[in-house]
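Trainee: Just passing along the structure, written as structure tokens.
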Amino acid sequence: MTGVTGMCLAQIHRTVVVSPAACRLLRTCNRRSDRWLMYHPAKRKYVTHQGVLNQRAKPKQDLSESTIQEENVLQEMKSISAVLPITEPSNGPPNDTSEPKAAPEERGWREIKVDASTLPGILARLSKIRLSALVVITASAGYAMAPVPFDLSCFLMASVGTGLASCAANSINQFFEVPFDSNMNRTKSRPLVRGQISPLVAVSFAAACAIPGITLLTVAVNPLTGALGAFNIFLYTCCYTPMKRLSIANTWVGSVVGAIPPIMGWTAATGSLDAGALLMGAILYSWQFPHFNALSWNLREDYSRGGYRMMSVTHPDMCRRVALRHCLGLIGLSTLAPALDVTTWNFPIISLPINLYISYLGYRFYRDADRNSARKLFFCSLWHLPTLLLLMLTCKKSLVGKKEKTEAS
């Protein structure tokens, strides 16, 4: 206001020339000054509009008045508390409308009671019984392809020992991955995640499978097979399991784990590592890439929530390339079998149609990169492996021809 008054006085004394627009602004300000709200910090008073063209200064409430109001409020609260008792505030949020907290004994450790009738099914899911059955089938195929006479007792001991070792490895794997399995739809119903058994029972079951299994392979079969079984348990539980959250190299390590059982079957029959044993392991090694890469492609969201570094999550292009590469590799390995004197030359010919078909699906998966092509490749891999092993068994070199060739040399 001081600046406006100064400009008016200067205009009266003709010392400042003001434009007509400025004059109109001053007249407007003078006419509407009664509607302005102003605050004077020095006097701590508020100017308020009480009526038409009437103003008066209203001082701020003194401390005594506010004290009287607080006393009135306290008296009202005391009168209300006589009717509705005020509960002490809790440590939780003030507007917490959730259910009342459980008793201390309910929030603590609870005893897990397992029905004896459901225990076999729980242990079967803990040991991944279907995967363990596939491991036993591949070990049996390696034993059957070995160039030695078939011994039923040794075959049964090798199959049981391999199955027990696989159950132990799978149980330890689930014990380590409980926090991560709980985040995945595919694994959140596992026994340890749901609390159907305690971790102590799971570890005890794994030890009860591992110790007799390795002992049986070492004593009843041969030490080489027992050493391979123990090494496979270590590789699966201590290398593959933690690597799934560290590097995509876990897929290659896991494929080595799956390639060892047929080698164990071969060494159980012969007691030595031959070229045929390595060929059987190589076939299982290559087969696992289209099988697992196609499976993990449709589970990318789950693996990402679980924190697993799979090729399908971090390197999707590599995932499809590797699957196609190993589909074509199965054709080359099938051709190598008669060259290593494991099968006859009929095997590469009769196995070519199924190898070409899985290679075609691998190419479709590489080209389309969708859920449908991944699903077709995965389901093809399920019947491709047993069919390929059966064809290999039917084309196995006869022992009579090998004996004649050995005597002639």
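Trainee: Under the rule of at least 5 residues apart or a separate chain, name every residue whose amide H is placed under 5 Å from the amide H of Thr343.
Mentor: Answer set, sorted by chain and number: Lys397.
Trainee: Ignoring ligands, DNA and RNA, please state the percent of accessible area on the stretch 252-409 from carbon and sulfur, probe 1.4 Å.
Mentor: Numbers: 4400 of 6990 Å².
The value for the stretch 252-409 is 63 percent carbon and sulfur by accessible area.
Trainee: Here's a follow-up. Residue-wise, which Karplus ³J(HN,Hα) couplings in Hz belong to the stretch 338-349, taking 6.51 cos²θ - 1.76 cosθ + 1.60, θ = phi - 60°, and x for glycine or proline?
Mentor: Ordered by residue, 3J(HN,Hα) equals x, 5, 8, 6, 9, 10, 7, 6, 6, 4, x, 6 Hz.
Trainee: Which loop chymotrypsin sites (Phe, Trp or Tyr not before Pro) in the stretch 271-363, with loop taken from DSSP, have no more than 13 other Cβ atoms within 10 angstrom of their Cβ? Write out the running numbers ahead of the final one.
Mentor: Numbers: sites: Tyr285, Trp287, Phe292, Trp297, Tyr303, Tyr308, Trp345, Tyr357, Tyr360, Tyr363; in loops: Tyr308, Trp345.
For chymotrypsin sites (Phe, Trp or Tyr not before Pro) across the stretch 271-363 that sit outside H, G, I, E and B with at most 13 neighbouring Cβ atoms in 10 Å, the list reads Trp345.
Trainee: If you take all C-alpha pairs in the stretch 151-281, what percent of them are over 22 Å apart? Spell out each step's value before the answer.
Mentor: Working: 3507 of 8515 pairs.
For the stretch 151-281, the share of Cα pairs beyond 22 Å comes to 41 percent.
Trainee: For the stretch 185-238, run through the trypsin sites (Lys or Arg not before Pro) and keep only the ones in DSSP coil with at most 16 other Cβ atoms within 10 Å of their Cβ. Present the calculation step by step, with values, prior to reporting the outcome.
Mentor: On the way: sites: Arg186, Lys188, Arg194; in loops: Arg186, Lys188.
Those satisfying the criteria are Arg186, Lys188.
Trainee: Same structure again: Given the pairs Lys188/Lys244; Lys376/Lys397; Lys128/Lys188, which are separated by over 24 angstrom at their Cα positions?
Mentor: On the way: Lys188/Lys244 17 Å; Lys376/Lys397 33 Å; Lys128/Lys188 14 Å.
Among Lys188/Lys244; Lys376/Lys397; Lys128/Lys188, the Cα-Cα distance tops 24 Å for Lys376/Lys397.
Trainee: Oh, and also: Check which residues have an amide H placed less than 5 Å from Met184's amide H, if you skip close sequence neighbours.
Mentor: Sorted by chain and number, the residues that satisfy this come to none at all.
Trainee: Need the C-alpha centroid separation for the stretch 274-303 versus the stretch 173-200, integer Å.
Mentor: Going from one Cα centre to the other spans 24 Å.
Trainee: Would you mind working out the accessible area per residue for the stretch 116-216, using a 1.4 Å probe, and quoting it in Å²?
Mentor: On the way: 4590 Å² over 101 residues.
Each residue of the stretch 116-216 exposes 45 Å² on average to a 1.4 Å probe.
The values are calculated or read from the model by the stated rules, or taken from the named source; none is laboratory data. Computed from a predicted structure; not experimentally measured. Ideal geometry is used to build each Cβ from the backbone, glycine not excepted, and the neighbour counts take in all protein chains shown. Ligands, DNA and RNA are stripped out before the accessible areas are found, and what is left, the full protein with its side chains, is counted by its heavy atoms. Shrake-Rupley method; radii C 1.70, N 1.55, O 1.52, S 1.80 Å.
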